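Enquirer: Supplied in structure tokens, the structure appears directly below.
The values are calculated or read from the model by the stated rules, or taken from the named source; none is laboratory data. Just so it is clear, the model here is predicted, and its values are computed rather than measured. Here the Cβ positions follow ideal geometry from the backbone for every residue, glycine too, while neighbour counts run over all protein chains shown.
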Amino acid sequence: MSLPEFKLLRPRSIEEAVSYLDKYAGNIRILAGGTDLIPSMRQRLFEPEHVLDVRGIAALRGIRPQADGGVEIGALTSIRSIERSEFLRQRFPVLSEAAATIASPTLRNMGTIGGNICLDTRCLWYNQSLTWRKGCGFCIKKDGDLCHVAPGGTKCWAAFSGDTPPALLCLNAEIEIVSAKGVRRVPLQDFYTGLGDNYRKLAPNELVTRIFLPASTAGYRGVYRKLRVRGSIDYPLAGVAVAMKRTNGHIEDARIGITAVNPAPMLIPGVSELLAGKTPDESLAEQAGDLAAQSSKPLTTSALTPEYRREMIRVFTKRAIMAAAGLD
Ligand SMILES: Cc1cc2nc3c(=O)[nH]c(=O)nc-3n(C[C@H](O)[C@H](O)[C@H](O)COP(=O)(O)OP(=O)(O)OC[C@H]3O[C@@H](n4cnc5c(N)ncnc54)[C@H](O)[C@@H]3O)c2cc1C
Ligand code: SF4
């Protein structure tokens, strides 16, 4: 499949990039690693007149530990750099674990953390060629007005399928977003809408520039577990991140983030109430698994059945809690 025609823009600074975004808003797409954007453009899911290649902006790269114990990560930092960073492995291990499961080594070299956060949602009926989609009469997410997954409904249920966002949510991450109007900083938790089509709160003229991890979650134990069809290279079909702080054998704080089973990655509500102050054991881990399964609502958007994906959220959560508690 060939690419549609577009004009390539190569800014050298954030200011230049946002001025292009402002000028061509609505008809421009940001290219970071391109590992998701390019295949999607080949499938004619996006046909922008302009593509903004931000890879020449050095200020967007890097992992910078802060004096207070937190860290800031440039949006263009490769997934490979995140996976390999000794600092992140020591201080924010759940992020390193999640990064290490993404795609394949080649794609991790190209793919970026900003692209992973902004990743388009996925569905069996959407990530297909133009001819394939046309044959099915299209759907709400692109060019049509019906949903093949939930017929009769008006909502798109395509699943958010990035691996690092559930880990970042567990770490209380915030992101910086820049446009010609200025800079805003938002908790990652507020970035996603929960809708499969309009899935992120990012205006067409905005660029994600930095990710911040606070000192308060540094040192939390971290585990990431993922279900995928091919172990060597694949998007998650269910993913669970756990970050846990332990004191004297008790759980002081714990968070569970899930991905690939809803239109947005999410933190499981009620985890702190269930786990804080308790001594971890198998029964407690099982209860956490039940809680996580309750929040996962997969539909037939992927090759595996919704029932199996939901069950794997339960199983992975239990295993991840056991592993984080050193009981596996
Ligand atoms: C075979 C295959 C397997 C894959 N497996 C996985 C997997 O297991 N897990 C996983 O999470 N992903 C997977 N991916 C998807 C992808 O490789 C990763 O998500 C990667 O991190 C995307 O980053 P990128 O820089 O390549 O994004 P791009 O493709 O460049 O961009 C993705 C989207 O984000 C937008 N964007 C990028 N950067 C910014 C920014 N700074 N500000 C605003 N918008 C931005 C782009 O406009 C585009 O809409 C897979 C891809 C392929 C082809
Ligand atoms: S969930 Fe429905 S509307 Fe959304 S991409 Fe799939 S088929 Fe299309």
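Enquirer: Output the number of residues of the range 101-127 satisfying the condition of being more than 16 Å from ligand 2 (Cβ to nearest atom) and out of contact with any strand residue (DSSP E or B) (no Cβ under 8 Å at 6 or more places or on another chain).
Expert: 8
Enquirer: Run down Val242, Val186, Val208, Val229 and say which single residue is under 22 Å from Glu86 (Cα atoms) and either over 15 Å from the mean Cα position of the chain (by Cα) or surrounded by 16 or more Cβ atoms within 10 Å (Cβ to Cβ) (or both).
Expert: Of the residues listed, the single one that is under 22 Å from Glu86 (Cα atoms) and either over 15 Å from the mean Cα position of the chain (by Cα) or surrounded by 16 or more Cβ atoms within 10 Å (Cβ to Cβ) (or both) is Val242.
Enquirer: Filter the range 123-149 down to residues that are crowded, with 21+ Cβ neighbours inside 10 Å and within 16 Å of ligand 1 (Cβ to nearest atom), then give me how many there are.
Expert: Selection size over the range 123-149: 4.
Enquirer: Just the residues that are within 29 Å of Ile102 (Cα to Cα) and either more than 16 Å from ligand 1 (Cβ to nearest atom) or of a type in the set (Val, Ile, Thr) (or both), please, taken from the range 157-185.
Expert: Trp157, Thr164, Leu171, Asn172, Ile175, Ile177, Val178
Enquirer: Would you confirm, using the coordinates I've provided, whether Thr217 is of a type in the set (Ser, Thr, Tyr), more than 15 Å from the chain's Cα centre (by Cα) and modelled with pLDDT under 95?
Expert: For Thr217, the condition - of a type in the set (Ser, Thr, Tyr), more than 15 Å from the chain's Cα centre (by Cα) and modelled with pLDDT under 95 - is not met.
Enquirer: If you take the residues of the range 128-138 that are in a helix (DSSP H, G or I) and within 17 Å of Thr300 (Cβ to Cβ), which of them is farthest from ligand 2 (Cβ to nearest atom)?
Expert: Trp132
Enquirer: Now a separate question. Would you pick out the residues in the range 53-103 that are assigned to a loop (DSSP other than H, G, I, E, B) and farther than 15 Å from Thr164 by Cβ?
Expert: Ile57, Arg61, Gly62, Gln66, Ala67, Asp68, Gly69, Gly70 - these are the residues of the range 53-103 that are assigned to a loop (DSSP other than H, G, I, E, B) and farther than 15 Å from Thr164 by Cβ.
Enquirer: Working carefully through the options Leu88, Leu107, find the one that is more than 9 Å from ligand 1 (Cβ to nearest atom) and in contact with a helix residue (DSSP H, G or I) (Cβ under 9 Å, 6 or more places away or on another chain).
Expert: Answer to the check: Leu88.
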